[in-house]
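Read through the structure below, which is laid out as C-alpha cells, and then see the notes.
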C-alpha cells in the first residue's frame with residue numbers, strides 16, 4: 001500500500017522526468033475479470049500511475065480467456081481497452097526506433113534478445129517461468145535501459161512475484177512489482193478476489209507472500225529478509241549491466 | 001423562522017389542498033421537470049437561441065449535433081421536454097411560411113444511472129431503439145413501411161431480425177393495450193437482449209440498427225431528433241465506454257447524412273467539462289452549443305413567475321398574487337441569491353406560497369374567493385422570515 005502511494009507521488013511529482021508505465025501480465029487481466037471488478041479500476045490505475053502497455057500476443061490470449069465469462073457489452077469495452085494498451089506499446093516502440101534511428105524490427109529484435117537472456121536465467125529458478133513471462137521483463141528491462149520510462153510489472157503469478165521479483169531487485173529489470181491484490185486494496189474496490197482465486201492453482205500465492213509461512217520457507221526467507229532490510233520499498237534505481245547476467249549464468 | 005411556517009412537501013396532500021383551494025390546476029412551480037411540457041416559461045433568451053440554431057435544421061437537410069449545457073436546475077430537461085412535446089414541433093409555426101415547416105419527430109432518452117461499466121451506453125442504445133420502435137408500432141403508416149422495409153436490406157442478421165419482426169402481427173388486446181413485440185426474437189436482437197439469433201457484434205451493428213429505424217421514420221417525417229439527457233454520467237464512466245459512445249455517435253452521424261438532429265444535455269458548470277467526455281471526432285462535428293444560464297435579471301424572474309402561474313396553474317396570475325408582490329419577492333430573491341436557477345426559484349415559491357397559506361389560516365381569513373397574496377400578507381411574510 002505504501003509502495004503504491006509512493007509510486008503515485010513519484011509519478012505526479014516527476015512526470016516530466018522519468019515516466020512510469022504499467023506492464024501487467026495476462027493473468028492480471030484474467031483474474032481482474034474473474035473477480036467481477038469494474039474495469040474502471042484500469043482507468044484509475046492509468047490516471048494515477050501511468051499508461052498501461054501490453055504486446056499484441058498478450059491481448060489475443062486475454063480476449064480468448066475472458067470472452068466466455070462476460071457479457072457482450074462488457075467484452076466490447078474490454079476489446080477497446082486492450083486495443084488501446086496494444087497501441088500504447090507500439091507507440092512506445094515506434095518512439096524509441098525514431099529516437100535511436102533504427103528500424104522498428106531492430107527495436108523488437110533487441111527486446112527479444114533481452115527476453116532470451118532473461119529467460120535463460122529465470123529457467124534456472126523455475127520451470128514454470130515461460131518465455132511469455134520473460135517477455136514482460138525483456139520489455140521492461142529494454143525500456144529502462146533505453147528510454148525515460150520506468151516500467152512497473154503487475155502480476156499475480158507466484159513465479160513472477162518470487163523469482164521475477166528477486167531478479168528485478170538484483171538487475172533492475174523494472175521499477176517495482178505489484179500484484180492485483182495490492183491494487184484492489186489500495187483503490188478499495190469491492191471484488192471477491194479470494195473466492196475467485198480458488199479457481200486457480202495459484203491460491204498458494206497468498207501463502208507465499210506471508211513471511212511467517214512454512215511453505216518453502218527455507219528457500220526464500222533469508223533472501224526475503226535481506227531484501228526487506230536493504231530497502232523497504234523494492235525500487236531499483238541502479239540498472240545492472242549485461243556482464244552481471246553473464247556472471248550469474250556462469 | 002418558527003417551525004410551523006416551514007415549507008410543505010410538494011408531494012404532500014396538504015400541498016395539493018393548497019393548490020386546489022387557490023384555484024390552481026397544476027403545481028405552477030414543479031421541483032422536477034414535468035414530463036409533458038406545452039409552454040415555455042424559462043429564459044426567453046435561451047428560447048431565442050434554440051430557435052436561431054434550430055432554424056438551420058429547417059433550412060438545410062443535413063444532420064446536426066447540438067449541445068445544451070448548464071448548471072443544475074437551469075431548465076435543460078424542461079427545454080428538452082418542450083422540444084419533444086407538441087409545441088416543440090410548432091416552435092416556428094407563427095414565424096415561418098408553411099413551405100419551410102417540416103414534419104418532425106423527437107424522442108428523449110434519459111439513460112439510467114450506471115452501476116457497472118457498459119450499462120450507460122446500453123441504456124442509451126436501448127432507449128433510442130425502444131422509443132423509435134414503439135413509435136413505429138403506434139403509427140399505422142410507419143408500421144406498414146416496416147413490413148416491407150427489410151426487403152431492401154443487404155443479407156445480415158439485422159435483415160433477419162427485421163424479417164422476424166415483420167412476420168408478427170400487431171394485435172390489440174382486450175384491455176386496450178397493443179403488442180409490444182418484447183418476446184419477438186427479432187426485437188430481442190435489435191435491443192441486444194439474449195436471443196436465438198445471435199449478438200450485435202460491435203458499435204457498427206448498433207449504429208446500423210438505429211440507422212434503419214430512423215430511415216423508416218424519415219419516410220414519413222422530414223426530421224428526427226434524438227435528445228440524450230444526463231450525459232454528465234459519461235464523465236464517471238470508464239474510458240472505454242466513452243470511446244464507444246463517441247464511436248456510436250460518429251457512426252450514426254456519418255451514416256445518417258440528412259434529417260437527423262442529435263441533442264446532448266449536460267449538467268456541467270463549464271464547457272471544458274463537456275469536452276472531456278467527447279472525442280475530437282465528435283467535438284468537431286458539433287454544430288452549436290447552447291448555454292443555459294442562471295437568472296440574473298429581475299424582469300426575467302418576474303416574467304418567469306407570471307408565466308408559470310398563467311400557463312401551468314392556468315389562472316390569471318394577478319387574481320392569485322398582486323403584481324407588486326411578485327416584484328418585491330423577485331427583488332428580494334435576487335438580493336439574496338444574486339443569480340438563481342429555475343429550480344431554486346420553484347423551491348422558494350413553494351416556501352413562499354406555503355407560508356402565506358398558513359398565515360391566512362392562522363388569521364382565519366381564508367376564503368377562496370377573496371384569497372390573494374396581497375401586499376399586506378407579503379409584509380407579514382417578510383417579517384416572519386426575517
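Numerical summary
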| item | result |
| --- | --- |
| Residue match in the range A:21-33 (condition: within 14 Å of chain B (Cβ to nearest Cβ) and more than 15 Å from the chain's Cα centre (by Cα)) | yes |
| Test: residue in the range A:84-94 that is closer than 19 Å to residue A:155 by Cα and more than 14 Å from chain B (Cβ to nearest Cβ) | yes |
| Within the range B:280-322, helices (runs of 4 or more DSSP H) holding 3 or more residues that are crowded, with 17+ Cβ neighbours inside 10 Å | B:298-307 |
| Selection count, the range B:355-371, where residues are assigned to a loop (DSSP other than H, G, I, E, B) and either surrounded by fewer than 12 Cβ atoms within 10 Å (Cβ to Cβ) or modelled with pLDDT under 60 (or both) | 7 |
| Of all residues making up the range B:51-70, the number that are out of contact with any strand residue (DSSP E or B) (no Cβ under 7 Å at 6 or more places or on another chain) and either surrounded by 15 or more Cβ atoms within 10 Å (Cβ to Cβ) or modelled with pLDDT of 80 or more (or both) | 3 |
| Whichever residue in the range B:198-233 is within 13 Å of another protein chain (Cβ to nearest Cβ) and part of a loop (DSSP other than H, G, I, E, B) and, among such residues, is farthest from residue B:263 (Cα to Cα) | B:198 |
| Selection status of residue B:147, without any contact (Cβ under 8 Å) to a residue 40 or more places away in the chain and assigned to a helix (DSSP H, G or I) | yes |
| Residue match in the range A:121-142 (condition: in a strand (DSSP E or B) and either away from chain B (no Cβ under 14 Å) or at pLDDT 85 or above (or both)) | no |
| Output for the range A:39-75, where each listed residue is surrounded by fewer than 21 Cβ atoms within 10 Å (Cβ to Cβ) and either in a loop (DSSP other than H, G, I, E, B) or more than 14 Å from chain B (Cβ to nearest Cβ) (or both) | A:55, A:56, A:57, A:60, A:61, A:64, A:65, A:68, A:69, A:70, A:71 |
| Meets criteria (free of Cβ contacts under 8 Å to residues at least 60 places away in the same chain, more than 19 Å from residue B:68 (Cβ to Cβ) and crowded, with 16+ Cβ neighbours inside 10 Å) for residue B:352 | yes |
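The values are calculated or read from the model by the stated rules, or taken from the named source; none is laboratory data. Bear in mind the structure is a predicted one, so any value in this text is a computation, not a measurement. Cβ atoms come from the backbone with ideal geometry, glycine included; neighbour counts cover every protein chain shown.
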